[in-house]
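Quick notes on the structure that follows.
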Amino acid sequence: MRRPGDEAQPEEGEKSGHLTLLQAVIAGFNRLRQEQRGLASKAAELEMELNEHSLVIDTLKEVDETRKCYRMVGGVLVERTVKEVLPALEGNKEQIQKIIETLSQQLQAKGKELNEFREKHNIRLMGEDEKPAAKENSEGAGAKSSSAGVLVS
C-alpha cells in the first residue's frame, strides 16, 4: 500500500522487473562477447595451423619427390612420398585460408552486432573513458542527459 509521500518510489514488483530486464541485457551482452571471443580464438588457432602448413610445404619443396615422409591421417601415422603428400598439404592450406576469411567476416559482423547492442542498451564497460560523454553534455547547452545505462565489468 502506498502512502501519500511515496509516489516517486517504485513498487517491489517494478524493482524486480527492472532487475530482471537488466540481468537479461547483461546476459545477452556477455553471450555476444563470448561468441566474439570464440570466433577470434578459432581464427587464431587456424592462423597457427596455416603457418605450420606453409612451413612444411616450404620444407618439402626442397627435398626429392621420392623421399619418404609421414603424415597423420585421422590419428594414424601413414607413410607416403613427398610427391603424394605435397598436393594434399597445398589443398589443405587453401581450405584453411578460405575458412579464416569466413571467420574474419563473421568476427566483423559479430563486432558490429555487439556495438549495436551496446548502443541500443547504453552499455558502458568498466574502465571505459567517460570523457566523450561529458564533452557531449557540455556542448548540449544545458540539455539533461539520460545516463541510465548498464555498467558491465
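Observations on the model:
- Meets criteria (open to solvent by 60 Å² or more (accessible area, probe 1.4 Å) and within 18 Å of the chain's Cα centre (by Cα)) for GLU49: no
- Filtered by the rule that a residue be charged (D, E, K, R) and surrounded by 11 or more Cβ atoms within 10 Å (Cβ to Cβ), the stretch 72-93 gives ARG80, LYS83, GLU84, GLU90, LYS93.
- Residues of the stretch 14-64 classified as more than 30 Å from LYS112 (Cα to Cα) and among the aliphatic types (A, V, I, L, M), total: 5
For (1) more than 30 Å from LEU22 (Cβ to Cβ); (2) assigned to a helix (DSSP H, G or I); (3) hydrophobic (A, V, I, L, M, F, W, C), each residue gets a yes or a no:
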site: LEU55; (1), (2), (3): yes, yes, yes
site: LEU60; (1), (2), (3): yes, yes, yes
site: MET72; (1), (2), (3): yes, no, yes
site: GLU79; (1), (2), (3): yes, no, no
site: ASN92; (1), (2), (3): yes, yes, no
site: LYS98; (1), (2), (3): yes, yes, no
site: GLU101; (1), (2), (3): yes, yes, no
site: PHE117; (1), (2), (3): no, yes, yes
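- Candidate set: the stretch 28-40, residues that are without any contact (Cβ under 8 Å) to a residue 24 or more places away in the chain and open to solvent by 60 Å² or more (accessible area, probe 1.4 Å); chosen: the one farthest from the chain's Cα centre (by Cα): ARG31
The values are calculated or read from the model by the stated rules, or taken from the named source; none is laboratory data. All values reported here derive from a predicted model rather than from experimental measurement. Every residue, glycine among them, receives a Cβ derived from its backbone with ideal geometry; neighbour counts consider all protein chains shown. Quick note on the areas: whole protein, heavy atoms, side chains included, nothing else; ligands and nucleic acids left out. Shrake-Rupley method; radii C 1.70, N 1.55, O 1.52, S 1.80 Å.
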